[in-house]
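Remarks on the structure that follows.
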Amino acid sequence: MPQTLPLITHAAEDGAPQPANALRSTPPWSLLALLLALVSIAAALLRGGQPTWLSFIAIAATCLAAAVGLREIMVLRRTNRAHALAMEGAHDGMWSWNPVSKELQVGQRLLSILGYDENFLPDTHAWLALVHPEDVAHYNRAVAEHLKGVTPHFYCEYRVRAKSGQYRWIASRGIAERDPRGIANLMAGSVTDITERKEHEERMRYLAHHDQLTGLPNRLLLADRLPQALVRARRRQDRAAILFIDLDRFKNINDSLGHSLGDRLLQRVAHRLQEALRQSDTIVRQGGDEFIVVLGDLPSPERAGQIGAKLLEAISQPYQENGYDFFLTASIGIALFPDDGEDQDTLLRNADTAMYEGKSNGGNTVRFYTGRMNERLQTRVNVESGLRRALDRQELQLHYQPQIDLATGRLEGAEALLRWNDGGHIVPPDRFIPVAEETGLIVPMGLWVLDTAIARAAAWRLHWQIHRGAGAEPPRVAINLSARQFWGGGIAQYVLQRLEREGLPPSAIELEVTESVLLRQEGDAVEELRHLHDAGVALALDDFGTGYSSLSYLRLLPIDTLKIDKSFIAALDGNDGDGETIVRAILAMAHNLGLRVVAEGVERQSQLQVLQEMGCDSMQGYLESRPLPPEDFLRRYCS
């Protein structure tokens, strides 16, 4: 049976329940009538006489008192039954508590919320034993403030141990009844199970502060933890460190093998980084393939470097996905507190600068921040800023490097190479091409290269025919395409339209692409290449051997020419037997697949001789000529 709470003990004339203090304010007519009757009868008996008219009045008063009393008892019982039913049927649990005696009464619904069948809570002490230890002080404070009249109502959200042993969140509301002196002598209210709401709020807080892919803390949580770590380090006069981690060339993984596999690799990288760190360290996914680590309690700067090397080693171990082994490297930049900055923004910026310094030098390294790095970073910013104006200012130029047929010694092609004349200063391609790729400026620059090179091929065709006869064929112009030019689609149509506009056959040009384009599964890069090849445009695979390519792609894709990267050619005239073996293997494989082979970066006669002996088809490099402005190229090869 539910424990009855003395909250409603009287009903008004209209039947509406009244509170307990309303009952005490109602005149007790039945008690007065009964008292009058007893006094009258007692007086008559003392006189020893016969009952008088007063006796009859007393009897009548007694009957009236009995009737009124019976009615009040019946109303009280109905009220108590209604109260009991309300407690039993209510969604919230009900309770009442005597602050003086500490006696506690609870309804069945409150017991059901906690999974109990019988009431076993005689007083406050039994209830407090169920309250979560971390919430006891908060609960007691809320009760005390209401009893003292500080708050108009009692309200508290806290955890209570259920019968299962698990804690459930409840919201308890109540109000105290006070005597004329203002002292509380009764407190009653209700309890609502808010466990589901609290779990939802906790889930929302977690999602707001954690990366959904890896489960690591995100930048929002970093903004909270990093200042705390710096405060601790400052108070203890310790060192702290920020490690900025960026995976090297991870974009090629996403571009070539798809974001689904890339996401799985990121999850495994995150797990390895967590395993390699201490419990007290914080690791955050900054976004994309970037992670940030906060280290505290460092005895020396060298310790930060050791941890960085450990993380680098963890990342570099092979990953197995879809039956293949993948190898990743990373660039890690380190900024120390207080050496490299005393606030979070400075430290993050300097760690990022150190990371970028390592990446620009090949990656797979750990770099500590130094002041000179800012100078180099500023140079990069200047390069990006200048590039954004280069097209409008007509500062971009194309130079052309000849390609020579090794069997005949004749000119067969010319590769268009981009140059940037920045106010009279020629900026080397290795300084501005990577920046253009990273910023996306390579897309408009690439379209300019296409337009200019195709127009140059048309002009040369006319010049060749005028000076050498109607059937004379100029060298085929090789044009480089960036992987990013394939992302939006439509590049094949663009090229063919430009050829048609200039009146050129598709065979007048050759398009060079890198291996990352060929391996891109998302998008239509492969279909774009097939469209071009079917239309008669020759395709070459540039820098072969330096990327992620699978040899099976060479058989499946529409490639006509394989260009051996200059790093392999450089090893031919030394004592590097492995280098010669690699070049010989590439030549054999390419010829078996029906592909022409062009050796890039041929600078010495000894290299040329080895290539001729191996049966290489063509070459280009400084041995024949540096890249030339179009007018110089024309004078040299078509005079």
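The values are calculated or read from the model by the stated rules, or taken from the named source; none is laboratory data. The model shown is predicted, which means the values in this text are computed figures rather than measured ones. Positions of Cβ are backbone-derived with ideal geometry, glycine not excepted, and every protein chain shown enters the neighbour counts. Heads up: the accessible areas ignore ligands, DNA and RNA and are worked out on the full protein's heavy atoms, side chains in. Shrake-Rupley method; radii C 1.70, N 1.55, O 1.52, S 1.80 Å.
In the set (1) touching a Phe, Trp or Tyr at 6+ places or on another chain (Cβ under 8 Å); (2) on the phi > 0 side of the Ramachandran plot, the condition left unmet by V602 is number (2).
Considering only segment 164-192, state which residues are under 39 Å from the mean Cα position of the chain (by Cα) and open to solvent by 50 Å² or more (accessible area, probe 1.4 Å). Selection gives S164, Q166, Y167, R168, W169. Of the set (1) surrounded by 19 or more Cβ atoms within 10 Å (Cβ to Cβ); (2) modelled with pLDDT of 95 or more, all apply to A483 but (2).
If you go through segment 96-135 and keep only what is closer than 13 Å to Y158 by Cβ and open to solvent by 40 Å² or more (accessible area, probe 1.4 Å), you end up with L128, P133, E134.
Which residues, counting only those in segment 246-268, are open to solvent by 50 Å² or more (accessible area, probe 1.4 Å) and in a helix (DSSP H, G or I)? K251, H259, S260, D263, R264, Q267, R268 - these are the residues of segment 246-268 that are open to solvent by 50 Å² or more (accessible area, probe 1.4 Å) and in a helix (DSSP H, G or I). Scanning segment 326-370 for residues that are out of contact with any strand residue (DSSP E or B) (no Cβ under 9 Å at 6 or more places or on another chain) and assigned to a helix (DSSP H, G or I) gives a single hit, D345. Exactly one residue among L222, L273, L243 is more than 16 Å from S316 (Cα to Cα) and either in a helix (DSSP H, G or I) or open to solvent by 40 Å² or more (accessible area, probe 1.4 Å) (or both), and that residue is L222.
Is there a residue in segment 289-311 that is under 22 Å from Q378 (Cβ atoms) and either open to solvent by 30 Å² or more (accessible area, probe 1.4 Å) or of a type outside the set (S, T, N, Q) (or both)? Yes, segment 289-311 contains a residue that is under 22 Å from Q378 (Cβ atoms) and either open to solvent by 30 Å² or more (accessible area, probe 1.4 Å) or of a type outside the set (S, T, N, Q) (or both). The number of residues in segment 348-383 being open to solvent by less than 50 Å² (accessible area, probe 1.4 Å), under 25 Å from the mean Cα position of the chain (by Cα), closer than 21 Å to P301 by Cβ and not β-branched (V, I, T) comes to 7. Can you find a residue in segment 463-476 that is under 48 Å from the mean Cα position of the chain (by Cα) and open to solvent by 40 Å² or more (accessible area, probe 1.4 Å)? Looking for residues that are under 48 Å from the mean Cα position of the chain (by Cα) and open to solvent by 40 Å² or more (accessible area, probe 1.4 Å), one finds at least one in segment 463-476, hence yes.
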